[in-house]
Amino acid sequence: MDSILGIRKALGLSQVEMAARLGLHQTTISRFERGELPTDKRTLLAAQALLAGREAA
């Protein structure tokens, strides 16, 4: 999965919860999802790791 929104939905998290897990602010997650801010590679990799960790459990 290659979007913050898709990963967040797959994890069943709110923007606030996703932001907390990634060490970001909720508004940053919102801006990523609306396309106002390009998702940096590090953030995307961290989000994918959250999803991979959930799928492995």
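Observations on the model:
- Residue satisfying all of: in segment 41-57; modelled with pLDDT of 95 or more, of a type outside the set (A, V, I, L, M, F, W, C) and farther than 12 Å from GLY6 by Cα; least open to solvent (accessible area, probe 1.4 Å) among these: THR43
- Residues that are over 17 Å from MET1 (Cα atoms), surrounded by 12 or more Cβ atoms within 10 Å (Cβ to Cβ) and of a type outside the set (A, V, I, L, M, F, W, C), drawn from segment 16-40: GLU17, ARG21, HIS25, GLN26, THR27, THR28, SER30, ARG31
- Failed item in (1) of a type outside the set (Ser, Thr, Tyr); (2) exposed (fewer than 14 other Cβ atoms within 10 Å of the Cβ); (3) part of a helix (DSSP H, G or I), with ILE7 passing the rest: (2)
The values are calculated or read from the model by the stated rules, or taken from the named source; none is laboratory data. These figures come from a predicted structure and were not determined experimentally. No Cβ is skipped: glycine too gets one built from the backbone with ideal geometry, and neighbour counts run over all protein chains shown. SASA here: full protein model, heavy atoms, side chains in, ligands and nucleic acids out. Shrake-Rupley method; radii C 1.70, N 1.55, O 1.52, S 1.80 Å.
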